[in-house]
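The values are calculated or read from the model by the stated rules, or taken from the named source; none is laboratory data. Since we're looking at a predicted model, the values are computed, not measured. Here Cβ is always computed from backbone atoms with ideal geometry, including for glycine, and neighbour counts include all displayed protein chains. Ligands, DNA and RNA are stripped out before the accessible areas are found, and what is left, the full protein with its side chains, is counted by its heavy atoms. Shrake-Rupley method; radii C 1.70, N 1.55, O 1.52, S 1.80 Å.
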Amino acid sequence: MASRSQRSGILAFVLLLFFASGFSALLYQTIWQRLLGFFSGVDVYSVTITVAAFMGGLGCGSLVGGQLADRLSSSRRLLAFALAEGGIAVFALGSKWLYYDLLYLKWHALGHSPLLLPAVLFISLLLPTFCMGLTLPLLAKTLTFRIEAASSVVGYLYGVNTLGAAIGALVTPWVLMRHYTFPEILQIGAALNAACALSAVLVWRWSKNRTEVSAAESDATAPGPGARFSVRTWMFLYALSGFIALSLEIVWFRLLGILQKSTSFTFPTLLAVFLAGLGVGVIAGVPLARRVRQPAAVFLVLQSVVPLYTALAFMALISNVDSQPFLQSLWGYLGSYEPVNAADILTALTGWFLGATLPPEHWDNARLILLIYLGIPAALIVPSTILMGLSFPVLQKLVQNNPALLGRRVGWLQTMNIGGSMLGALVVGWALLQWVGSSGTLKFLVVLGGIFLFLAISQMRLGRLIRSIALVVAFVLVGLIAWKFPLPETLWAKLHGTNPEGIIVREGASGLAVLKGPIERLGKDESFVWVFSNGIGQSWLPYGGVHTQIGMFGVLLHDRPEDVAVIGLGSGDTVYALAASPHTRQLTCIEIVEPAFQNLKQLAARSTYSALHHLLGDNRVRWLFTDGRAHLLHTSQRYDVIEADALRPNSAYSGNLYSSEYFHMLKARLKPGGIAVSWAPTNRVLASFLAAFPHTIVVDGVAIGGQQRIVTEPEEILRRLEDPFTSMHYARLRSDIQPLIENLVTGKFQRYSPETVGMVKPDLNSDVFPKDEYMIPLQP
């Protein structure tokens with residue numbers, strides 16, 4: 001048998017391997033979700049199914065891994081671990097071909113079926129996620145030399161793997177995706193998994209001399225003190241824990257995404273904070289599990305406090321965000337229209353570190369970024385995730401009393417927890433957010449947390465009277481917190497830097513839409529109503545700015561736009577401007593956040609703005625609430641004009657609408673003579689547009705391209721504008737539209753042709769390297 005020092009060295013070595021394995025797992029999840037988004041779309045249905053499929057594979061792997069762990073020898077378990085890591089590496093190298101080249105480019109029709117989509121996603125993710133799920137039970141059984149140490153070994157393994165995942169979630173978007181293409185990042189992950197596989201072989205000689213813990217030793221360790229439930233009951237309770245944890249994760253990300261004004265860095269950064277707290281909690285829970293005398297009660301109390309703390313923390317933030325001096329910068333940011341440019345600050349701080357002088361305003365922005373990306377999430381998320389982590393080794397102490405069943409119990413617990421998490425993702429993502437919103441969902445989770453609290457009291461060694469009193473107090477506490485949690489209007493008003501009066505808010509599974517301003521005065525004076533989607537300013541009413549301009553160009557530069565489409569709704573400005581041609585038979589508006597449309601209907605009922613009323617009553621408009629790129633991919637319809645409403649280049653998933661591949665797809669969806677219109681906020685977006693449309697004009701930052709030369713005769717443009725239908729349509733704007741078309745009519749624009757387009761530097765956005773989305777500086 002190996003000596004104690006040898007065991008410690010081997011454990012430390014394997015923990016390092018498992019850290020790297022966790023890093024690569026989150027690297028893959030980030031990249032695969034992006035690649036699969038082209039095939040399935042990025043609406044809530046598709047994203048939820050992708051997450052559930054990923055977790056489903058992990059659950060299957062954990063279940064099988066537990067069975068294998070208890071039946072294989074130590075050397076064969078290490079071989080199985082090495083094979084699993086090697087299988088992940090091999091799959092990663094071919095995953096770009098599978099997810100993008102095959103599913104997206106060739107078999108994209110499969111993604112259009114709501115019945116086939118879940119099956120395809122699950123099958124395509126099964127092999128790598130199954131292999132990932134195998135690893136924890138295999139290593140847990142291999143490294144547990146005494147059954148009394150099971151909770152420590154399993155805890156350390158799970159903790160370091162989770163910390164590796166946290167670092168992977170953080171490094172992938174902030175570093176790797178800003179320097180490497182998706183296939184190159186997958187190669188980095190594959191190298192890590194290959195190193196893990198080869199390193200596992202180094203332990204082979206030791207494992208052959210390893211003496212197994214016999215099943216007979218199980219009698220030496222009784223179940224944890226006070227454990228009145230069976231192992232099966234604890235597994236079901238851990239499934240409930242998974243349901244609450246994943247549900248809370250969705251609510252956290254919705255609330256904090258609104259607070260941060262979500263960009264592509266928001267979700268992975270919050271995920272890293274979540275995983276870091278969980279990993280730290282698991283490791284800290286190892287010594288706790290050794291010392292507790294009533295592990296059952298401790299586990300249940302820890303689980304009960306998780307949703308209770310979350311609710312109390314958000315209540316404290318909402319109550320103080322507009323009154324505390326130290327939150328003044330946050331309050332100002334919540335009410336602002338623009339998101340903070342996090343990557344620019346990162347670049348500035350890097351320059352300062354290398355010796356450059358940083359202006360005072362950059363320091364102010366840096367402090368704000370640290371507050372909203374780290375400070376607030378740390379206060380609201382980390383304590384709860386630490387509590388989740390603390391409970392993991394305690395639970396292992398409760399159930400691990402038989403060496404012969406160690407692997408299976410690790411696997412079953414993980415499978416049940418993952419199953420609960422999957423159910424939480426589906427129930428919250430598809431139902432609760434739609435029916436009761438984030439506020440109601442959190443109230444529901446507080447009540448579920450109360451179940452753990454009631455069970456904890458029942459596990460404690462208390463007299464009958466004291467137990468009855470404790471149960472009543474717990475019932476009152478849980479009910480009071482659920483009842484006192486802010487209503488949706490108050491919650492979302494405060495997270496938009498205002499008060500509940502004067503806003504219209506609607507939340508659904510697809511996102512949050514808010515209208516802020518003097519609602520009743522719209523159409524009566526010069527007041528503006530601002531449109532926010534998922535916390536970010538998108539547009540405004542009354543119409544008449546850049547969004548109107550984008551829509552007008554499609555009307556004025558196409559001689560007969562019968563079938564037109566626009567991606568994005570916002571205030572309805574672009575849609576309304578694009579509907580101004582008398583020749584238009586159908587206008588398809590594709591919006592991913594469905595509550596935005598419901599908000600406009602409610603605004604119309606409370607205002608007199610005629611342009612909005614006319615838009616909502618126009619029977620030529622077809623409203624679709626889905627992913628715009630996915631719709632264009634699957635539709636057989638061809639259009640005379642396709643436009644995308646103005647979208648910030650650093651918005652989450654904006655790379656899907658600013659890549660050269662997307663613009664080529666637009667070209668394929670146009671009728672002969674059709675034109676595409678896109679805002680070109682960066683030189684890189686313009687270069688990507690020109691790669692598909694060499695016949696292009698750029699007016700005031702808006703690119704209009706076609707398959708042949710764009711006709712810009714001033715007389716023809718003015719003739720179309722003076723058509724009675726068109727002139728009456730634009731008259732409802734109550735805004736002067738002449739400045740919007742002045743440069744078009746006077747010829748003050750840039751024209752490109754196949755002969756001149758080569759002069760533009762080919763620094764492009766691509767599907768597998770969305771440079772502008774991750775704010776990568778232009779090449780010098």
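Numerical summary
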| item | result |
| --- | --- |
| Largest-first ordering by accessible area, 1.4 Å probe, given options Asp525, Asp559 | Asp559, Asp525 |
| Debye log10 I(q)/I(0) at q = 0.06, 0.08 Å⁻¹ for the chain, Cα point scatterers | -0.42, -0.72 |
| Accessible area, probe 1.4 Å, largest first, for residues Arg461, Arg409, Arg638 | Arg461, Arg638, Arg409 |
| Accessible surface of the chain, 1.4 Å probe, proportion on carbon and sulfur as whole % | 64 percent |
| Label point distance in nm, Leu83-Asn341, each placed 7 Å from Cα along Cα→Cβ | 5.3 nm |
| Thr357, Thr574, ranked by accessible area, largest first (probe 1.4 Å) | Thr357, Thr574 |
| Segment Gln637-Leu105, extension gain: residue separation times 0.36 nm, minus the distance between their alpha carbons | 189.7 nm |
| Heavy-atom accessible area per residue - the chain, 1.4 Å, Å² | 38 Å² |
| Cβ-based net charge around Asp700, under 12 Å, with every Lys or Arg adding one and every Asp or Glu removing one | 0 |
| Cα-centred dipole magnitude for the chain, charges only on beta-carbon of K, R (+1) and D, E (-1), debye, nearest 20 | 3280 debye |
| Ellipticity estimate at 222 nm from DSSP helix runs (n ≥ 4, -39,500 (n - 2.57)) divided over the chain, nearest 500 | -19500 deg cm²/dmol |
| Rounded accessible area of Trp623 (nearest 10 Å², 1.4 Å probe) | 60 Å² |
| For segment 411-456: Kirkwood Rh in Å [reciprocal of mean 1/r, alpha carbons] | 11.7 Å |
| Entries of Lys671/Lys761; Lys524/Lys601; Lys667/Lys761 with Cα pairs more than 24 Å apart | Lys671/Lys761 |
| Tilt relative to the chain, helix 182-202 - C-alpha long axis, 0 to 90 degrees, to 10 | 10 degrees |
| Signed unit charges on C-beta, dipole axis of the chain, positive-most listed residue Phe326, Ala580, Gly164 | Gly164 |
| Extension reserve of the Ser230-Leu480 stretch, reckoned as 0.36 nm per residue once the Cα distance is removed | 86.8 nm |
